[in-house]
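The values are calculated or read from the model by the stated rules, or taken from the named source; none is laboratory data. As the structure is a prediction and not an experimental result, all values here were calculated from the model. Here Cβ is always computed from backbone atoms with ideal geometry, including for glycine, and neighbour counts include all displayed protein chains. Areas reflect the complete protein model, heavy atoms only, side chains present, ligands, DNA and RNA absent. Shrake-Rupley method; radii C 1.70, N 1.55, O 1.52, S 1.80 Å.
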Amino acid sequence: MAGTTEVVIVGAGFAGVACARRLAAEPRARVTLVDRNGYHQFQPLLYQIATAELAPRDIRFDLHEMFARHASVRTRTGEVVAIDPHSPSVTFADDSMLAADVLVLGAGAQPNFFHTPGAEQHTVPLYSLTDAERVRGRILELFRDAAAKPELAADGALTFVVVGGGPTGVETAGALAEIVHDVMPHVYPHLAIAGARVILVDLGHTVLTAFSDDAHSYAVQQLTRRGVELRLGVSVKEVTPDGVTLSDGTTIKTRLVVWGGGQSAAPLASRSGLPQGRGGRIDVQPDLSVAGFPKVYALGDVANIPGADGEALPQLGSVAQQAGDWAAGNIIADLEGDRRQPFHYRDKGIMAMIGRKAAVAEIGPHRHELKGRFAFAAWLGVHAQLLANAGAEMRAFVSWLDDFYVRPAHRSAELLDPATIDRPRIRLEGTHDGTEHAG
Ligand SMILES: Cc1cc2nc3c(=O)[nH]c(=O)nc-3n(C[C@H](O)[C@H](O)[C@H](O)COP(=O)(O)OP(=O)(O)OC[C@H]3O[C@@H](n4cnc5c(N)ncnc54)[C@H](O)[C@@H]3O)c2cc1C
């Protein structure tokens, strides 16, 4: 189509999907949205997958279906291995290339193991559906094996370690405590699982350090009440297949360590030749493009996006989603011959859910503090909005919410069945590397 601007978006996370959605209504732009998976995954609900509260299909949204009604948006499944910011283009793992007039990078993050020996090999991070399925599979396997051979518990088979006391670690530890202490005793009533433990390790002297002191004590109290043991002020020195050694010299025998210890930019950032700052993230200008490369934008977790105070904004779904929409606005401004606008983040605040009806939230730019049910309600509101903005299905979220309130410790039998862990974890119906779908 003459006069059409080709926009290639790498990554169908919050940032990429929001950018494509806004551009879908722009007749002068044609978009190719590329992702290695062929689906959008809703990361904030990953630990519900890991602890069998939700099924993978509940948070996996097929990209082709999401954009089926938008003729100007194509989706392509494939691994991008290189980008050329000078004459914008991407190269796929199968060596095919895609040229662009405008390149948008929304490739997200990867876990940062901080060179901890054994961490990469013997822990499971929680960044993707595959990770979350691995955690669920491992929990079910360990309980199944301990039910057959109860003596395995003494070897750490029922000891679950979470590394990192930030929101991901705290939310994961809270959800693990529920499945380990409240759900599994009903599945294996004959198994003496009084010895089952959930341990949260963090180098800091409290959890949720980004929150207020009040929130720290509340989170510690709620985790402890749920049976999470806290090992604070110690770091992980080494992880082996059967244990974790801490900086105080102690060793915890365990067969499952979930790594929530930090993140850095997706590997594509270091292969892009673009300027990288803190966390290996690509530094961007206020209009979200990269200095010296006006036709290249970087958004969301792969970028350091300057906030109003000049500090980089946090790695949050709402930052990524708003940046995606904003970058699309600036691409349209170029088409109109208008001036690009500097990104303005509408701060929703920060929040973490610790467990059923227990959450902390600091709402809005003035950080109005909430705890308990009110914070949980705020968490629900923000996440429902993130889902709706992504154009994702709300049905599963609403049914999960119903279970969450009305049927404590309820899980679907399918998600607790160890037989399901041997099946292919994630089916990519009709999608494989290089597949392209016109919208
Ligand atoms: C467990 C967990 C819980 C979270 N909870 C919350 C929360 O409660 N609230 C909140 O606001 N935020 C939360 N976050 C953070 C939030 O999910 C991220 O900030 C957000 O997903 C970032 O969006 P993004 O679009 O930048 O990247 P992502 O959503 O990570 O998307 C990146 C996409 O790029 C694709 N990709 C990467 N590299 C390539 C490549 N080379 N080739 C092809 N495709 C590629 C990936 O497959 C992925 O789909 C959570 C994050 C995690 C991990």
Legend entry - Test for residue 68: is it near the ligand (Cβ under 9 Å from one of its atoms) and either within 15 Å of residue 268 (Cβ to Cβ) or not assigned by TED's automatic domain parsing to the domain that holds residue 179 (or both): no
Inset, instruction - Kindly establish whether residue 329 is modelled with pLDDT of 95 or more, over 22 Å from residue 166 (Cβ atoms) and within 12 Å of the ligand (Cβ to nearest atom). - result: no
Legend entry - Only one of 5, 77 that is near the ligand (Cβ under 9 Å from one of its atoms) and either open to solvent by 10 Å² or more (accessible area, probe 1.4 Å) or touching a strand residue (DSSP E or B) at 6+ places or on another chain (Cβ under 9 Å) (or both): 77
Inset, instruction - Residue by residue through the stretch 34-61, note down the ones that are buried (at least 24 other Cβ atoms within 10 Å of the Cβ), more than 10 Å from the ligand (Cβ to nearest atom) and within 28 Å of residue 105 (Cβ to Cβ). - result: 59
Inset, instruction - Among the residues of the stretch 93-125, write down those that are out of contact with any strand residue (DSSP E or B) (no Cβ under 6 Å at 6 or more places or on another chain), over 20 Å from residue 299 (Cβ atoms) and touching a residue at least 12 places away in the same chain (Cβ under 8 Å). - result: 94, 96, 113, 114, 121
Inset, instruction - Tell me, yes or no, whether the stretch 209-217 has at least one residue that is within 16 Å of the ligand (Cβ to nearest atom) and open to solvent by less than 60 Å² (accessible area, probe 1.4 Å). - result: yes
Legend entry - Selection count where residues are within 20 Å of residue 201 (Cα to Cα), open to solvent by 40 Å² or more (accessible area, probe 1.4 Å), at pLDDT 95 or above and not basic (Lys, Arg), scope the stretch 246-294: 5
Inset, instruction - Could you look through the stretch 285-304, keep only residues that are within 10 Å of the ligand (Cβ to nearest atom) and not small (Gly, Ala, Ser), and pick out the one that is nearest to the chain's Cα centre (by Cα)? - result: 301
Inset, instruction - Tell me which residues, restricted to the stretch 332-355, are open to solvent by 20 Å² or more (accessible area, probe 1.4 Å) and within 11 Å of the ligand (Cβ to nearest atom). - result: 348, 350, 351
Legend entry - Number of positions in the stretch 119-137 that are more than 16 Å from the ligand (Cβ to nearest atom) and open to solvent by 20 Å² or more (accessible area, probe 1.4 Å): 3
Inset, instruction - State yes or no: is residue 315 out of contact with any helix residue (DSSP H, G or I) (no Cβ under 9 Å at 6 or more places or on another chain) and in a loop (DSSP other than H, G, I, E, B)? - result: no
Inset, instruction - Restrict the check to the stretch 323-340 and report whether at least one residue is within 18 Å of the chain's Cα centre (by Cα), in contact (Cβ under 8 Å) with a residue 40 or more places away in the chain and closer than 20 Å to residue 43 by Cβ. - result: yes
